[in-house]
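The values are calculated or read from the model by the stated rules, or taken from the named source; none is laboratory data. For clarity, every value in this text was computed on a predicted model and none was experimentally measured. Here the Cβ positions follow ideal geometry from the backbone for every residue, glycine too, while neighbour counts run over all protein chains shown.
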Amino acid sequence: MTDNTEDSESWTVLKILRWTTGYFEKQGIDSPRVDAEVLLADLLEMERIELYANFNRPMVDDELAAYRKRIKRRAAGEPCAYIVGYREFWSITLQVDQRVLIPRPDTETLVREALDIIEEHAPQAVVDVGTGSGAVAIALGSEHPDLQIAATDADEEALDVARQNVETHGLDETISLAHGDLLDAVDDDQKPVDLIVSNPPYVAETERDDLQPDVRDFEPTDALFAGEDGLDVIRRLVPAAFDTLAPGGWLLFEIGYRQGDAARDILTDAGFQHVEVIPDYGDRDRVAKGRRPL
């Protein structure tokens with residue numbers, strides 16, 4: 001779609017979606033139709049499903065100009081979530097930008113496992129290490145606002161995004177935010193804690209070139225990469241968590257799909273029991289968990 005291709009009156013919602021989908025396919029974008037719909041629905045302040053009831057709606061000049069800019073940004077590799085400024089996760093909408101990772105469905109496995117532990121063991125004090133946008137902490141807090149959740153991050157700018165999301169979802173009384181490396185940010189008077197969850201950096205440096213360009217080139221590298229094998233942060237997190245947990249407390253953290261065996265060994269060597277690796281929706285290793293002995 002160029003500025004002078006056709007008069008704006010000839011561009012309907014359906015026609016622009018078809019054109020954009022074809023263009024995105026040529027650019028090698030993985031989900032061309034979905035991305036076209038997400039960008040357009042947000043621009044027109046509609047739900048995606050509403051586009052289907054408005055296929056014959058004409059696009060006016062201002063809308064075409066704004067949509068054209070979005071198409072160019074997406075074609076250049078920028079993720080849709082950064083362009084529209086939000087991402088759906090669990091049952092919530094989160095503000096996101098290039099200061100934080102984009103929450104993904106795989107991480108809902110971590111939330112699901114944490115909720116199972118919350119419902120079975122009724123922990124009160126929870127820590128979300130490396131909270132980023134606040135996705136995991138807010139998902140847990142939205143389900144159990146009676147929890148006391150400390151959400152930590154080493155990046156002040158990421159915490160600014162998390163703070164906006166916590167306030168938006170009215171969880172100021174449930175979630176406290178703290179700046180610091182891993183569990184160093186947790187005050188001594190908050191310890192010991194009952195449950196620690198984390199989506200730490202776990203991508204190996206050797207896998208950098210294997211990542212999709214929209215991830216590798218746009219999302220914050222400090223939140224992605226963790227040494228040659230991707231386990232540098234996890235190796236520090238696990239023993240620190242053991243020392244921070246109360247007897248009987250649980251640690252859960254996200255891992256790469258090829259890191260299950262290594263995660264089991266790290267947990268076992270640190271003294272954790274009931275060690276287990278949980279698969280994600282695609283049946284790939286995704287969450288490692290262990291319990292500090294009673």
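On the given criteria, is LEU237 assigned by TED's automatic domain parsing to the domain that holds ILE117 and in a strand (DSSP E or B)? In short, no. Screening GLU113, GLU108, GLU120 for residues that are assigned by TED's automatic domain parsing to the domain that holds ALA185 and over 22 Å from TYR257 (Cβ atoms) leaves exactly one candidate, GLU120. Checking region 46-58 against the condition returns a match, with at least one residue being of a type in the set (A, V, I, L, M), loosely packed, with under 15 Cβ neighbours inside 10 Å and within 30 Å of the chain's Cα centre (by Cα).
Scan region 260-274 and tell me whether some residue there is within 19 Å of the chain's Cα centre (by Cα) and of a type outside the set (Phe, Trp, Tyr). Within region 260-274, none of the residues are within 19 Å of the chain's Cα centre (by Cα) and of a type outside the set (Phe, Trp, Tyr).
The condition of being among the aliphatic types (A, V, I, L, M), more than 29 Å from ILE83 (Cα to Cα) and either touching a residue at least 40 places away in the same chain (Cβ under 8 Å) or not assigned by TED's automatic domain parsing to the domain that holds VAL111 (or both) holds for only one of LEU224, LEU183, LEU267, that being LEU183. Restricting attention to region 138-147 and to residues that are in contact (Cβ under 8 Å) with a residue 40 or more places away in the chain and surrounded by 24 or more Cβ atoms within 10 Å (Cβ to Cβ), the residue that is farthest from the chain's Cα centre (by Cα) turns out to be LEU140. Considering only region 205-217, I want to know if a residue exists there that is of a type outside the set (Ser, Thr, Tyr), within 16 Å of VAL129 (Cβ to Cβ) and not in a strand (DSSP E or B). So far as region 205-217 goes, no, none of its residues is of a type outside the set (Ser, Thr, Tyr), within 16 Å of VAL129 (Cβ to Cβ) and not in a strand (DSSP E or B).
Scanning region 76-85 for residues that are surrounded by fewer than 20 Cβ atoms within 10 Å (Cβ to Cβ) and either in the same structural domain as ILE29 (by TED's automatic domain parsing) or not in a helix (DSSP H, G or I) (or both) returns ALA76, GLY77, GLU78, GLY85. Among the criteria (1) loosely packed, with under 13 Cβ neighbours inside 10 Å; (2) not in a helix (DSSP H, G or I), the one ASP189 does not fulfil is (2).
For beta carbons closer than 6 Å, sequence separation of 6+ or different chains, a first residue in region 154-174 that is surrounded by 16 or more Cβ atoms within 10 Å (Cβ to Cβ) and a second that is among the basic types (Lys, Arg) and outside any helix (DSSP H, G or I), the qualifying pairs are ALA158/ARG99; VAL161/ARG99.
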